[in-house]
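Just so you know, all these numbers are worked out from the coordinates, no wet-lab data involved. Being a predicted model, the structure only gives us computed values, none of them experimental. All Cβ positions, glycine included, derive from the backbone under ideal geometry; neighbour counts span all protein chains shown.
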Amino acid sequence: MVHKIGVLGAGQMGNGIAHVFGQFGYDVVLYDISEAQLEKAVSAIHQNLERQAKKGIIPESLVGESVGRIMTTKNMIDLAPCDFCVEAVTEHEPLKLDIFRKLDDIVQPGAILASNTSSIPITKIASVTKRPDKVIGMHFMNPVPVMKLVEIIRGHATSDATFRLTSELVAKVEKEMAVSQDYPGFIVNRVLIPMINEAIFALYEGIASAEDIDKGMKLGTNQPMGPLTLADFIGLDTVLAIANVLYDGFKDPKYRPCPLLVKMVNAGYLGRKSGRGFYGY
């Protein structure tokens, strides 16, 4: 039975995950190394809950209750009493592996350790712990409170009990589940990132403007936003990191990141979060 949930990383994904679990009645411990980031996260959660209340999605009374269930900390030891932890830090493999080593030593032996990674192998993450059977991929979509999908990835050693409890948790927060094998990119990014990368190649090769590429995909294939707008929303550094995981994992040239994407990341043009990407913000 899950009562207390740890969320590691208070960025856009982490605060969304904390928001959802708090909204559905779970006590949450939100960890980050930055006090400023934790304060920003709590503010964002409060604003997003108020937005839901104004739209009639949740009752007004749930705003304060949900925020009240979320405790913030800069000390990982405070995650010790958690039954279930979700790691949502930067998509950087050495950092994630280091966090899982430390987390494994801190939380109770029966606790499940999940990763929100969008591309890094769960089997590899699990291998640095003493509980590989209790490690699973739990990839939420952005923005977490809005998007209905959670991609579940079983590592090589993930037990049926771990999978079952994680599945139940997804249902309790009223999300839908898609189950993937543990191969680079899983389902969503295996399909999505090559599409975004191809759109960047189309821009790079002068086939069309960014606006027309996005218009073509929006109006021609009924996507809610064009691939270049979506890349800016995700963060071009994250898009590049996932593209590199696919390229390194499969050794197939079709996954080669577009040189324009690499150049933009090197220039610091990361999309919405930096104020400039394929568009200005």
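If the condition is being of a type outside the set (Gly, Ala, Ser), surrounded by fewer than 20 Cβ atoms within 10 Å (Cβ to Cβ) and on the phi < 0 side of the Ramachandran plot, then the stretch 248-263 contributes ASP248, PHE250, ASP252, PRO253, LYS254, ARG256, PRO259, LEU260, VAL262, LYS263. Going through (1) under 22 Å from ASN116 (Cβ atoms); (2) touching a helix residue (DSSP H, G or I) at 6+ places or on another chain (Cβ under 9 Å); (3) of a type in the set (Asp, Glu) one by one, GLU168 falls short only on (2).
Among the residues of the stretch 175-198, those that are of a type in the set (A, V, I, L, M) and more than 16 Å from the chain's Cα centre (by Cα) comprise VAL191, MET195, ILE196.
Apart from one condition, THR90 fits all of (1) in contact (Cβ under 8 Å) with a residue 60 or more places away in the chain; (2) surrounded by 15 or more Cβ atoms within 10 Å (Cβ to Cβ); (3) not acidic (Asp, Glu); the exception is (2). A single entry from VAL146, VAL135, VAL191 fulfils the requirement of being aliphatic (A, V, I, L, M), crowded, with 17+ Cβ neighbours inside 10 Å and free of Cβ contacts under 8 Å to residues at least 40 places away in the same chain: VAL135.
Return the residue satisfying two criteria in turn: it lies in the stretch 54-87 and is closer than 20 Å to GLY25 by Cβ and small (Gly, Ala, Ser), and of such residues it is surrounded by the most Cβ atoms within 10 Å (Cβ to Cβ). It comes out as SER66. Do we have any residue at all in the stretch 197-211 that's among the charged types (D, E, K, R) and in contact with a helix residue (DSSP H, G or I) (Cβ under 7 Å, 6 or more places away or on another chain)? No, because not a single residue in the stretch 197-211 is among the charged types (D, E, K, R) and in contact with a helix residue (DSSP H, G or I) (Cβ under 7 Å, 6 or more places away or on another chain). Out of curiosity, is GLY271 small (Gly, Ala, Ser), under 21 Å from VAL144 (Cα atoms), within 22 Å of the chain's Cα centre (by Cα) and buried (at least 21 other Cβ atoms within 10 Å of the Cβ)? Judged against the criteria, GLY271 is a match. Could you tell me whether LEU230 is in contact (Cβ under 8 Å) with a residue 40 or more places away in the chain and out of contact with any strand residue (DSSP E or B) (no Cβ under 6 Å at 6 or more places or on another chain)? Taking the combined requirement at face value, the residue does not satisfy it. Within the stretch 235-247, restricting attention to residues that are in contact (Cβ under 8 Å) with a residue 40 or more places away in the chain and either farther than 24 Å from TYR183 by Cβ or of a type outside the set (Ser, Thr, Tyr) (or both), the residue that is surrounded by the fewest Cβ atoms within 10 Å (Cβ to Cβ) is ALA241. Scanning the stretch 40-51 for residues that are among the charged types (D, E, K, R) and touching a residue at least 12 places away in the same chain (Cβ under 8 Å) turns up LYS40, GLU50.
Out of the stretch 42-79, which residues are more than 21 Å from the chain's Cα centre (by Cα), β-branched (Val, Ile, Thr) and under 15 Å from GLY9 (Cα atoms)? Scanning the stretch 42-79 gives a single hit, ILE77.
May I ask you to verify whether LYS54 is free of Cβ contacts under 8 Å to residues at least 24 places away in the same chain, among the charged types (D, E, K, R) and farther than 19 Å from MET138 by Cβ? So LYS54 passes the test. Return a yes/no flag: does the stretch 47-70 have any residue that is touching a helix residue (DSSP H, G or I) at 6+ places or on another chain (Cβ under 7 Å) and closer than 30 Å to SER159 by Cβ. Among the residues of the stretch 47-70, at least one is touching a helix residue (DSSP H, G or I) at 6+ places or on another chain (Cβ under 7 Å) and closer than 30 Å to SER159 by Cβ, which makes the answer yes.
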